[in-house]
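The values are calculated or read from the model by the stated rules, or taken from the named source; none is laboratory data. Because the structure is predicted, anything quoted here is derived from the model rather than measured. Please note: Cβ atoms are built from the backbone with ideal geometry, for glycine as well, and neighbour counts cover all protein chains shown.
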Amino acid sequence: MSEINETTAPGASRREFMVTTGAVVAASGLVFGDWTSAQAATGLPKRKLGRTGLNVTALSFGGIQVSDASHRRVVDYAIDNGINYIHTCPGYTGGKSIEVIGEVMRAKRDKVYLAIKCSPGEIDGVLRTLNTDHIDVMIPDTRDFSDREKEAYAKLRQAGKIRFSGYATHNGMAESIRNAVTAGWRDVVLVKYNVGNRAELDPVIKDAVTKQKMGFMAMKVAEGAGAFTEKIVKLLKGNPNLTTVTPGMNSVQQVKDNIAAVSQAFAMLDLPGEQPIHTAAAGCTDCGHCAKSCPQRVAVADYLRADLYKRRGDTRLASDLLRSIPQRHSLAACTGCSECNKACPQRIDVLSTMRSV
């Protein structure tokens, strides 16, 4: 599946979004000097949001419960602990949610992507409240897939006020998604999705991803009986089309619990009998799980980066990177325990990839 390359940090301005791919690849390559900080980073995995190319955390922050100034520390905590995708709406909690998140954005806009439920006519007010010059995904409740609506979104994109167009759906979801696929211009869908309705929605969502490469956000994922982690495992297992789950959160403890649940869900995907499906790091999302899992502190991420360079033909760059790895963190320290394979949510055969490099 072809994807738009996401070459900027979350929240980068529309001018920064045009920076050249080569410069960004050089700047973002994980060399050994960055490896220690990567070890300390959050365990949240990331997935591409369809054709937008945005690399978003599998847990995003739903702002529907943010209702007063005390919740600012909750949003701060979520961002500081790795969540890089925030969803809110001018109508949530009488406008308090977007105000609180807007205050946080004064200092942390460059750390996150913003998905905002609003209409084209609300955009200027939303930008002022959020203290930003653009939002990443505009995602209103709508069933309007007309050419007139398409043109309105196109004008906002040309003006640099939004980057991508999406929409949210709470009922009649299967029909709505089919209509979006036919129209072909909505980039993302936010849909009520849980273990109770996934059997009905999965074929429709798969069609949307296959035909239009739409990004897929899930809300109201915890409805019904069962533990949250258990539900996330059921939703994520064998389901590459689900990019991120978006529960509402209004306490630091909720954020902690949800980060733990989603991280645990990905770890639990490594069940007996499952085998890695990639012999190279082509599907790597730079989540860092492999490096964190290594008991010998091998510079796993550097080897995967070298594999990327090698596959695209930059053998000299790959060689230079490998030579920069200290002996104590090189493959010579590897015991072949395969913990890196077990930790990879993308089912990459990390050990074989490192050895092949």
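Remarks
- Counting only helices (runs of 4 or more DSSP H) wholly contained in region 284-350, the ones carrying 2 or more residues that are closer than 25 Å to Pro240 by Cβ, touching a residue at least 60 places away in the same chain (Cβ under 8 Å) and outside the structural domain of Val56 (by TED's automatic domain parsing) occupy 289-293, 300-311, 339-343.
- Qualifying position, being closer than 21 Å to Ser176 by Cβ and either part of a helix (DSSP H, G or I) or at pLDDT 75 or above (or both), among Val255, Val209: Val209
- Residues in region 81-124 that are out of contact with any helix residue (DSSP H, G or I) (no Cβ under 9 Å at 6 or more places or on another chain) and more than 27 Å from Lys48 (Cβ to Cβ) were compared, and the one that is surrounded by the most Cβ atoms within 10 Å (Cβ to Cβ) is Glu122.
- Asp68 meets all of the listed conditions (1) within 20 Å of Ala261 (Cβ to Cβ); (2) out of contact with any strand residue (DSSP E or B) (no Cβ under 7 Å at 6 or more places or on another chain); (3) of a type outside the set (Phe, Trp, Tyr) but one, namely (1).
- Under the condition of being over 11 Å from Met214 (Cβ atoms), within 25 Å of the chain's Cα centre (by Cα) and not in a strand (DSSP E or B), the residues counted in region 160-178 number 8.
- Test: Arg106 is of a type in the set (Lys, Arg), free of Cβ contacts under 8 Å to residues at least 24 places away in the same chain and assigned by TED's automatic domain parsing to the domain that holds Tyr77: no
- Qualifying residue in region 138-146 (condition: of a type outside the set (A, V, I, L, M), at pLDDT 95 or above and not in a loop (DSSP other than H, G, I, E, B)): no
- Search result, residues across region 98-121 that are touching a His at 6+ places or on another chain (Cβ under 8 Å) and under 17 Å from Asn250 (Cβ atoms): Val100
- Restricting Leu242, Leu271 to those that are under 26 Å from Ser338 (Cβ atoms), part of a loop (DSSP other than H, G, I, E, B) and either among the aliphatic types (A, V, I, L, M) or modelled with pLDDT of 75 or more (or both) reduces the list to Leu271.
- Residue that is surrounded by the most Cβ atoms within 10 Å (Cβ to Cβ), among those in region 128-145 that are hydrophobic (A, V, I, L, M, F, W, C) and over 20 Å from Met219 (Cα atoms): Leu130
- Between Ala225, Ala199, Ala152, the distinction of being in a helix (DSSP H, G or I) and modelled with pLDDT under 90 belongs to Ala199 only.
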